[in-house]
1. Select, from 151, 100, the only residue that is under 19 Å from the mean Cα position of the chain (by Cα) and at negative phi.
2. How many residues does the range 74-88 contain that are crowded, with 22+ Cβ neighbours inside 10 Å and more than 24 Å from residue 111 (Cβ to Cβ)?
3. Taking residue 118, is it β-branched (Val, Ile, Thr), touching a residue at least 40 places away in the same chain (Cβ under 8 Å) and either closer than 14 Å to residue 67 by Cα or assigned to a strand (DSSP E or B) (or both)?
4. Within the range 160-183, take every residue that is of a type in the set (Gly, Ala, Ser) and part of a strand (DSSP E or B) and give me the one that is nearest to the chain's Cα centre (by Cα).
5. Of all the residues that make up the range 121-141, how many are in a loop (DSSP other than H, G, I, E, B), of a type in the set (D, E, K, R) and open to solvent by 60 Å² or more (accessible area, probe 1.4 Å)?
6. In this structure, does residue 95 turn out to be open to solvent by less than 10 Å² (accessible area, probe 1.4 Å), assigned to a strand (DSSP E or B) and not acidic (Asp, Glu)?
7. Could you list, in sequence order, all residues of the range 142-167 that are touching a strand residue (DSSP E or B) at 6+ places or on another chain (Cβ under 9 Å), closer than 15 Å to residue 61 by Cβ and open to solvent by 30 Å² or more (accessible area, probe 1.4 Å)?
Amino acid sequence: MKKKLSTLAVAACMLLTGCGTMGMNGANGTGGGNILGGILGAITGGTGVVDAITSVIGLDKLTAEQLIGTWTYAGPGCAFTSENLLAKAGGEVAASQIEQKLLPTYQKLGFSSSNTFITFNTDRTFVAKIDGQNFSGNYTFDEAKCKLTLQGMILSINCYAKRELKGISILFEAKKLLTLIQTMSALSGNANLETIGELSKNYDGVRLGFDMSR
C-alpha cells in the first residue's frame, strides 16, 4: 500500500512539474513552486505521510460492521473512482477544492448535522433524514466494491461508502445525488443545484456526496 501511495504522489508531482500548474478548469497558472508545495502539503496532510488514500474509493475499504450506527452530516464529500483519476486531477487538493465549491451550495440548501443523518441497523434497515426529509428502508452493502444500495418506498439509489480519517463518506454519481436531493427536499429546478451538475462535468470518475461523522 505504501508503494502504491508513493507512486500516486509522484504521479501528481510529475503532472504538475511536467505540464505546468493547472487549476480546476485546466488553465495555466503562475507561482508553480507555491502551488506544488500546497499540493504536496495537502497530499501529505503536512505530516510527510501520504493520505491520498482518503480521496479514492476502495483503497481503504469499509466493512459492513463498521458501517453500523448513526452518522451525521459533517460537510460535502468527494472522492475519485481510481488512483489514476486522482493523480490526473492533481491529488488531494482537487478533492478539497471540489468540496469547497460544494459547501456554499450545501449551505444554501440547508444541510446541517441536525437535519441530515443516517442510521444503519444490524438488520439491514436504515433510517435517515436528508435536509430534514425522512428517508427509510432497507440497505445492502457490497464490501468488495464499496457499493451501498438504499431501497426506500419511493426511491432506490446506489451509492458508495468509504472510510475517512474522521468518519465515512457516502458518495453518489452527480445525477443520482441530484435525484436524491430533489426527491427528498422537493427542490427540483432550484438554481443552487447547478453547482453539483457542473462540477461533475470537470472530472470523469468523481463522486459527490456527504462526509459523515458520529
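The values are calculated or read from the model by the stated rules, or taken from the named source; none is laboratory data. All values derive from a computational prediction rather than experimental measurement. Cβ coordinates were reconstructed from backbone atoms using ideal geometry, including for glycine residues, and neighbour counts include every protein chain displayed. Accessible surface areas use protein heavy atoms only, side chains included; no ligands, DNA or RNA. Shrake-Rupley method; radii C 1.70, N 1.55, O 1.52, S 1.80 Å.
1. 100
2. 2
3. Against the criterion (β-branched (Val, Ile, Thr), touching a residue at least 40 places away in the same chain (Cβ under 8 Å) and either closer than 14 Å to residue 67 by Cα or assigned to a strand (DSSP E or B) (or both)), residue 118 qualifies.
4. 169
5. 2
6. No: the conditions fail for residue 95.
7. 142, 145, 147, 160, 163, 164
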